[in-house]
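The values are calculated or read from the model by the stated rules, or taken from the named source; none is laboratory data. Every value quoted in this text rests on a predicted model; they were computed, and no experiment measured them. Cβ: placed from backbone, ideal geometry, glycine included. Neighbour counts: every protein chain shown. With ligands, DNA and RNA removed, areas are computed over all heavy atoms of the protein, side chains included. Shrake-Rupley method; radii C 1.70, N 1.55, O 1.52, S 1.80 Å.
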Amino acid sequence: MNGPERIVVVGASLAGLRAAEALRDEGFDGELTLIGDEPYAPYDRPPLSKAVLSGWLPTDHTALPRARNIDARWLLGTPASGVDLRERRVALADGREVPYDRLLIATGTRARPWPRQQGGALHGVQVLRSRDDADRLRAALAAGPDRVLVIGAGFTGGEVASVCRDLDLDVTVTQRGSAPLLSALGGVIGSAVTGWYRDAGVDLRLGTTVQALEGEAGRLRRAALSDGTVVEAEVAVVAAGALANTEWLTGSGLAADARGVVCDDACRALADDGTPVADVYVAGDVARWPHPLYPGQLLRLDHWDNAVAQARTAAHNMIHGSREPRAHRALPAFWSNQFGVNLKCVGLPSLADRVVVTQGSLDERRFVAAYGQRGRLVAAVAVDSPRVLDGYAALIEAGAPFPPVLHASDGPDRLDALDAAFPRPAAGRSSTPSTPSVLSIPSAPSVLAGHE
């Protein structure tokens with residue numbers, strides 16, 4: 001066979017749609033099938049925690065724009081339940097089977113739920129990841145609860161808390177660590193973010209976890225916290241990270257678990273033994289992959305830009321990879337709006353050991369912070385200073401030394417690098433084995449996952 005006649009994309013997501021468009025752009029003119037577990041066409045997720053919750057945008061206006069007609073068969077509302085790599089068939093939950101010549105896995109992630117035995121089944125306990133989640137949470141906030149509890153001060157938790165304050169709702173946020181965004185940006189920048197919460201009137205409980213959610217007549221009424229206090233709340237938003245949608249791959253022979261599906265830098269899925277699987281590719285939030293700038297790590301990035309770029313790389317390699325292989329080397333990048341502040345990042349701060357403010361100041365809420373690992377620049381975060389990041393991105397990709405010498409007009413007189421203050425593994429436990437295989441290399445913490 002000169003080329004694939006049937007390509008199946010599992011995941012009607014941002015990555016799935018952009019990959020399908022790229023496949024047509026790359027010249028694929030065969031049968032193209034997209035499988036999605038939700039009944040909706042691909043939609044944009046970032047507005048869900050911002051414009052949708054605030055009431056500015058209904059969820060049916062979040063559909064992703066189409067760059068072109070992909071002439072595809074859409075199988076929506078029925079999830080994939082398995083894959084037979086030998087027979088090249090994807091099984092659906094309704095009993096159907098879809099044959100493929102090449103397969104792209106783009107099933108993304110879902111919100112980590114609250115345990116049912118600790119109150120997770122109570123009415124009023126919410127997560128935020130999908131369109132339906134956003135509709136339910138928007139309705140709950142519009143009802144005007146006396147207090148909202150947000151469990152976790154990662155990016156999703158911060159954005160939800162910010163919207164609550166914009167809606168003049170009282171909100172309590174619990175955070176296991178010593179600062180918001182601790183796993184994503186470290187303690188130095190996290191301490192500045194703490195001020196954003198406090199100034200907005202958020203009841204922020206640091207070093208505190210929820211022991212149980214309690215209710216009456218099946219409805220949430222309160223939360224028991226680890227410090228012995230009780231918070232009365234009618235709505236609780238669980239922002240405790242994400243799980244990769246990989247259960248349907250159990251027993252398939254692919255290297256897949258709750259952290260994602262392992263692939264190489266060409267987006268080729270790997271088997272349990274670390275070898276590439278013929279004609280199976282991975283893209284988007286579900287992928288764990290190696291990046292040349294961050295050796296010794298497998299990245300799983302819940303990033304909009306990465307999903308698009310990786311989808312294009314996967315599509316190219318599905319069509320031309322045997323002759324013109326392309327590596328996925330896009331620099332991680334993300335953004336967030338919360339508490340009246342715009343935050344953007346390039347690189348991977350969570351790997352850094354040092355951080356320094358290179359422009360502006362933390363007190364003014366307008367600054368740039370550079371992150372270094374072993375004397376090399378690995379990331380930069382800009383708060384209300386978005387236009388400067390292209391220069392930092394170029395330095396990161398060039399392997400520039402840390403701290404960077406910029407001579408910026410708004411820079412400090414002296415660069416004082418500090419311990420980045422990221423949470424580290426407990427003593428005696430190494431996060432990276434001494435002789436790691438492809439499958440044992442840890443995933444770098446996802447900056448949007450909010451495992452806090």
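Here is a check on your reading of the model: is H291 touching a residue at least 12 places away in the same chain (Cβ under 8 Å) and either open to solvent by 20 Å² or more (accessible area, probe 1.4 Å) or basic (K, R) (or both)? Answer is no for this residue.
Of the residues making up segment 91-142, those that are small (G, A, S), more than 30 Å from A223 (Cα to Cα) and over 25 Å from the mean Cα position of the chain (by Cα) are A91, A93, G95. Count of segment 247-292 residues, restricted to those that are closer than 30 Å to I396 by Cβ and either among the hydroxyl-bearing types (S, T, Y) or in a loop (DSSP other than H, G, I, E, B) (or both), is 16. Is it the case, given these coordinates, that A212 is part of a loop (DSSP other than H, G, I, E, B) and either touching a Phe, Trp or Tyr at 6+ places or on another chain (Cβ under 7 Å) or open to solvent by less than 50 Å² (accessible area, probe 1.4 Å) (or both)? So A212 fails the test. Does segment 60-78 contain any residue that is more than 30 Å from L141 (Cβ to Cβ) and hydroxyl-bearing (S, T, Y)? Yes - at least one qualifying residue is present in segment 60-78. Candidates are the residues of segment 159-202 that are farther than 22 Å from R222 by Cβ and in a loop (DSSP other than H, G, I, E, B); the one that is most open to solvent (accessible area, probe 1.4 Å) is S178. I'm trying to understand the selection: among the residues of segment 336-359, which are farther than 15 Å from G187 by Cα and more than 19 Å from the chain's Cα centre (by Cα)? Correct list: F339, G340, V341, T358, Q359. Picking from residues in segment 143-158 that are out of contact with any strand residue (DSSP E or B) (no Cβ under 6 Å at 6 or more places or on another chain) and surrounded by 24 or more Cβ atoms within 10 Å (Cβ to Cβ), the one that is farthest from V237 (Cα to Cα) is G154. The set of residues in segment 213-259 that are of a type in the set (D, E) and within 29 Å of the chain's Cα centre (by Cα) comprises E234, E247, D257. Select from segment 78-95 the residues that are farther than 22 Å from P276 by Cα, surrounded by 14 or more Cβ atoms within 10 Å (Cβ to Cβ) and of a type outside the set (S, T, N, Q) and list them in ascending order. Those that are farther than 22 Å from P276 by Cα, surrounded by 14 or more Cβ atoms within 10 Å (Cβ to Cβ) and of a type outside the set (S, T, N, Q): P79, L92.
Residue pairs whose Cβ atoms lie under 7 Å apart, separated by 6 or more positions or on different chains, with the first residue in segment 86-114 and more than 21 Å from M318 (Cα to Cα) and in contact (Cβ under 8 Å) with a residue 24 or more places away in the chain and the second assigned to a loop (DSSP other than H, G, I, E, B) and among the aliphatic types (A, V, I, L, M), are T109/V286; A111/V127; A111/L128; R112/A240; P113/V127. When A223 is tested against (1) open to solvent by less than 10 Å² (accessible area, probe 1.4 Å); (2) of a type in the set (G, A, S); (3) in the same structural domain as A311 (by TED's automatic domain parsing), just one condition goes unmet, and that condition is (3).
Please tell me if E26 is surrounded by fewer than 18 Cβ atoms within 10 Å (Cβ to Cβ) and among the acidic types (D, E). Answer is yes for this residue. You will find that of I70, I105, the residue that is of a type in the set (A, V, I, L, M, F, W, C), out of contact with any strand residue (DSSP E or B) (no Cβ under 6 Å at 6 or more places or on another chain) and open to solvent by less than 20 Å² (accessible area, probe 1.4 Å) is I70 and no other. Just one of (1) out of contact with any helix residue (DSSP H, G or I) (no Cβ under 8 Å at 6 or more places or on another chain); (2) buried (at least 18 other Cβ atoms within 10 Å of the Cβ) fails for R323. It is (2). When P412, P433, P425, P404 are screened for being under 24 Å from the mean Cα position of the chain (by Cα) and either open to solvent by 90 Å² or more (accessible area, probe 1.4 Å) or modelled with pLDDT under 95 (or both), only P425 passes. Screening segment 326-370 for residues that are touching a Cys at 6+ places or on another chain (Cβ under 9 Å) and part of a strand (DSSP E or B) and picking the one that is surrounded by the fewest Cβ atoms within 10 Å (Cβ to Cβ) gives W335. Is one or more of the residues making up segment 37-60 under 27 Å from the mean Cα position of the chain (by Cα), surrounded by fewer than 17 Cβ atoms within 10 Å (Cβ to Cβ) and closer than 26 Å to D257 by Cβ? Yes, that holds for at least one residue. Cβ separations smaller than 9 Å between residues 6+ apart or across chains give the following pairs from segment 4-20 residues that are assigned to a helix (DSSP H, G or I) to residues that are surrounded by fewer than 24 Cβ atoms within 10 Å (Cβ to Cβ) and among the hydroxyl-bearing types (S, T, Y): L14/Y43.
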